[in-house]
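Asks: Take a look at the following structure, please.
The values are calculated or read from the model by the stated rules, or taken from the named source; none is laboratory data. Source: prediction; values computed, not measured. Cβ coordinates were reconstructed from backbone atoms using ideal geometry, including for glycine residues, and neighbour counts include every protein chain displayed. Ligands, DNA and RNA are stripped out before the accessible areas are found, and what is left, the full protein with its side chains, is counted by its heavy atoms. Shrake-Rupley method; radii C 1.70, N 1.55, O 1.52, S 1.80 Å.
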Amino acid sequence: MESRARGEMNTLASFYREREQAILGGGFILLLILIWQIVPALISLPRGIALFFTTPVEVIKSFYQLVVRNEIQSHVYTSAVEFVVGLGLAIVVGLPLGLVMGRSKILDAMLDPFVTAFNATPRLVFLPLLILWLGIGIWSKIMIVFVGALFPLLINTYEGVKNVDRVLVNVVRSFGASEWQTMKVVVLPNSVPYIVAGLRLAIGRALLGVVVGEFFGASRGLGFMIAGAATNYKVDVVFVGVTIFMGLSLALTHLVKRLEARLSRWRPDEVKTF
Amino acid sequence: MNSAERRRAMAFKRFYAEYQRLILGMVSVVGMMLLWELAFTYVIPLNPFFFTKPSLIAEAFKQQIVSGSLWHDVAISSKAFLLGFGLAVVVGIPIGVFMGWRRRAEYTLDPFLTALYASPLVALAPLLIIIFGVGLTGKVALIFLLSVFPFIFNVFAGVKCTDRLLVNVVRSFGGREKDIYFKVILPSIMPYIVAGARIAIGRGIVGILVTEFYAASEGIGFAISRFGDTYRLPDMFAAIMVLMIVAVGLTEGLRKLETLVAPWKVGQEAR
């Protein structure tokens with residue numbers, strides 16, 4: 001009897017030991033959510049704080065309401081369009097520019113001051129200017145997403161091209177490859193992991209652009225929804241928006257990380273981490 | 001061509017080869033400014049409500065300096081930045097050390113903090129402003145929230161890379177836990193802290209801009225958005241350029257410091 005109980009304890013202990021990382025990590029997040037949920041039941045919040053307080057259950061309820069009443073769909077759609085078009089433009093412009101800057105010394109030297117300056121400055125500073133130029137419609141947001149996502153992509157592509165093995169380039173050259181062929185055969189495949197890493201950073205900047213762009217002078221979108229809800233003290237709606245952004249960001253980052261791992265699987269380990 | 005001339009040409013060529021990057025960079029910046037100025041002076045009619053040119057920006061810049069409004073706005077924003085950033089340092093470094101030194105602390109905190117670091121926390125800005133008000137506190141709260149994570153994760157990575165041998169030496173010579181923290185861990189995470197600070201600066205400036213665009217009555221972000229609303233484009237560009245200069249100065253300064261304290265590459269890039 002006793003030995004069986006001890007045996008169970010042992011299996012429990014070994015179960016815990018094997019999965020300690022997941023149990024502690026997941027448990028902590030669950031615990032925080034639980035505490036968040038039961039705080040108002042345990043202590044009566046002063047009115048000033050109660051106004052800003054919501055619970056996870058309330059957030060889920062209001063998310064359900066928003067979906068059922070068909071209110072959130074158009075916001076999500078607008079934000080998604082801004083994100084996809086802006087990021088797409090950044091890829092279309094950033095990759096070729098990064099490739100060219102990496103291959104041409106002169107262009108590199110001439111564009112470098114601008115790239116450094118714009119990369120060090122958060123591009124959000126241009127938001128009032130873009131709203132002034134493009135109005136409060138969808139294009140000012142697309143442009144803020146574009147300038148936000150452009151530089152991580154450009155710089156990472158550039159780094160990738162710069163880190164290409166000189167020997168490989170020289171071999172291909174010796175066999176008479178043109179600049180275009182060198183690009184296609186050696187440079188581009190070698191910079192793919194860097195480009196994907198840049199994409200991961202660019203996704204973060206693009207989401208930042210969507211959120212903040214929609215805070216100011218927008219009429220639709222998740223950021224607009226958050227800002228409007230905050231002004232009306234609908235804290236649960238704020239958290240619905242924040243949670244969607246968090247979920248999207250985590251999902252996209254995870255996807256790109258998987259892609260990164262997959263693309264660099266064939267190369268030796270030391271190169272894998274950069 | 002006589003020999004003196006040839007020698008001068010050679011010297012010039014060598015000079016150019018040595019400083020090629022610098023020369024080309026300066027040429028392109030100056031050329032861009034000239035092109036911008038000339039195009040809107042002689043070719044394209046300037047619509048002052050839509051665009052501006054360098055000479056007007058310089059004029060606006062001079063006026064803002066003379067009137068002192070620029071200093072005032074920069075000082076207001078800097079104060080919020082320093083407080084939020086300082087708080088991020090004070091809170092972020094201990095958390096990072098704790099996570100790096102205690103395995104269970106890492107297991108417990110890492111998923112939660114990684115999720116926060118990877119998500120656009122700036123979405124909380126309207127809520128923070130409504131809770132803490134449009135003044136200093138709201139700004140400091142957002143700046144702190146955005147810039148604390150680079151410190152946590154860089155310090156975390158730094159502690160993980162601490163030389164075990166040094167720790168063992170301190171232990172063997174009878175050093176206590178305190179000695180390990182202050183004599184081994186702290187010095188070896190310094191480069192990581194600098195790398196974290198470089199990443200955190202950009203995020204902190206985002207915090208300033210968002211809170212001041214959203215709701216503020218003073219500060220550099222407020223100035224930029226007010227100049228935009230009132231179509232004072234030269235003033236707006238002047239303010240944007242001031243912010244750019246500050247951002248580039250801080251980032252490049254820290255990059256230099258990074259290569260100074262640790263010539264090898266350390267730290268994690270932003271996620």
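Asks: On a 0 to 90 degree scale, rounded to 10, what angle separates helix B:54-67 from the longest Cα axis of chain B?
Replies: Relative to chain B, helix B:54-67 is tipped by roughly 60 degrees.
Asks: To continue, here is another question. Once you keep just the Cα pairs under 8 angstrom separated by 6 or more residues, what percentage relative contact order results for the range B:51-177?
Replies: Taking the mean separation of contacting Cα pairs over the length of the range B:51-177, I get 36 percent.
Asks: Residue B:235: net charge of surrounding residues, Cβ under 13 Å, Lys/Arg +1, Asp/Glu -1, itself excluded?
Replies: 0
Asks: For the range A:1-122, what does the alpha-carbon gyration tensor say about shape, rounded, prolate or oblate, given a ≥ b ≥ c as the root eigenvalues, a/c under 1.5 as rounded, and a/b over b/c as prolate?
Replies: oblate
Asks: Could you pull the accessible area for residue A:162 with a 1.4 Å probe, rounded to 10 Å²?
Replies: Surface accessible to solvent at residue A:162 totals approximately 90 Å².
Asks: Counting C-alpha atoms alone, how compact is the range A:2-50: give Rg to one decimal and Dmax as a whole number, in angstrom.
Replies: My reading of the Cα-based Rg and Dmax gives 18.1, 57 Å.
Asks: Filter B:160/B:183; A:105/A:257; A:105/A:162; A:162/A:184; A:105/B:13 down to the pairs with a C-alpha to C-alpha distance above 21 Å, please.
Replies: A:105/A:257
Asks: If R0 is 22 Å, what FRET efficiency do you get for residue A:263 and residue A:31 from their C-beta distance, rounded to 0.05?
Replies: The value I calculate is 0.05.
Asks: Past the 27 angstrom mark, what percentage of all C-alpha to C-alpha distances in the range A:43-201 do you count?
Replies: Tail of P(r) above 27 Å: 48 percent of Cα pairs.
Asks: Excluding residue A:25 itself, calculate the net charge of residues whose Cβ lies under 11 Å from the Cβ of residue A:25, where each Lys or Arg counts +1 and each Asp or Glu counts -1.
Replies: Net charge around residue A:25: -1.
Asks: Here's something else I'd like to know. Please report the orientation-averaged projected area of chain A, defined via the convex hull of its C-alpha atoms, in nm².
Replies: That works out to 22.9 nm², a quarter of the Cα hull's surface.
Asks: Can you give the three extents of the C-alpha atoms in the protein assembly as shown along their principal axes, from longest to shortest, in whole Å?
Replies: Principal extents (Cα only, largest first): 107, 57, 48 Å.
Asks: What value in Å³ per residue do you get for the convex hull of the alpha-carbon atoms in chain B?
Replies: Expressed per residue, the convex hull around the Cα atoms of chain B is 201 Å³.
Asks: If I build a Gaussian network model for chain A, linking alpha-carbon pairs within less than 10 angstrom, which residue out of A:180, A:133, A:36 has the largest mean-square fluctuation?
Replies: In this elastic network of chain A, the residue with the biggest mean-square fluctuation among A:180, A:133, A:36 is A:180.
Asks: Using alpha carbons only, how many degrees (0 to 90, rounded to 10) separate the axis of helix B:103-118 from the longest principal axis of chain B?
Replies: With rounding to tens, the tilt is 20 degrees.
Asks: OK, next. In the range A:95-118, whose amide N lies under 12 Å from the spot 7 Å out along Cα-to-Cβ of residue B:36? List them in ranges.
Replies: A:114, A:118
Asks: Enumerate the whole-percent occupancy of each 10 Å bin, from 0 to the last occupied one, for all C-alpha pair distances of the range A:125-250.
Replies: With a bin width of 10 Å, the distribution comes to 13, 29, 24, 16, 12, 5, 1.
Asks: Hey, another quick one. I need the semi-axes of the equivalent ellipsoid of the range B:134-271: take the C-alpha gyration tensor, multiply each eigenvalue by 5, square-root it, list largest first in whole angstrom.
Replies: Sorted largest first and rounded, they come to 40, 16, 10 Å.
Asks: Still on this structure, I have one more. Using packing as a proxy for protection, rank B:42-50, A:163-171 so that the peptide with the highest average count of other Cβ atoms within 10 Å comes first.
Replies: Most protected by this proxy first, the peptides run A:163-171, B:42-50.
Asks: Please find, in a Gaussian network model of chain A (springs between Cα atoms separated by less than 10 Å), the residue of A:185, A:210, A:242 whose mean-square fluctuation is greatest.
Replies: A:185
Asks: Cross-link candidates for residue A:234: which lysines have Cα within less than 27 Å, leaving aside residues fewer than 8 places away along the same chain?
Replies: A:61, A:141, B:139
Asks: Moving on to the next point. Just how far, in whole angstrom, is the range B:112-135 from the range A:21-71 if you go by their alpha carbon centroids?
Replies: Their Cα centres are 16 Å away from one another.
Asks: At 0.36 nm per residue, minus the direct Cα-Cα distance, what do residue A:173 and residue A:20 gain on full extension? Give it in nm, one decimal, please.
Replies: Length gained between residue A:173 and residue A:20: 49.7 nm.
Asks: Can you pull the accessible area of residue A:31 for me, 1.4 Å probe, Å² to the nearest 10?
Replies: Looks like 90 Å² after rounding.
Asks: A follow-up question, please. Take the alpha-carbon positions of the range B:1-46, form their convex hull, and give its projected area averaged over all directions (one quarter of the hull surface) in nm².
Replies: 4.7
Asks: Using a Förster distance of 45 angstrom, determine the FRET efficiency expected from the C-beta separation of residue A:84 and residue B:10, and round it to 0.05.
Replies: Efficiency for this residue pair is about 0.20.
Asks: Expressed as an acute angle from 0 to 90° and rounded to the nearest 10, what is the orientation of the C-alpha long axis of helix A:235-263 relative to the principal long axis of chain A?
Replies: The angle comes out at about 40 degrees.
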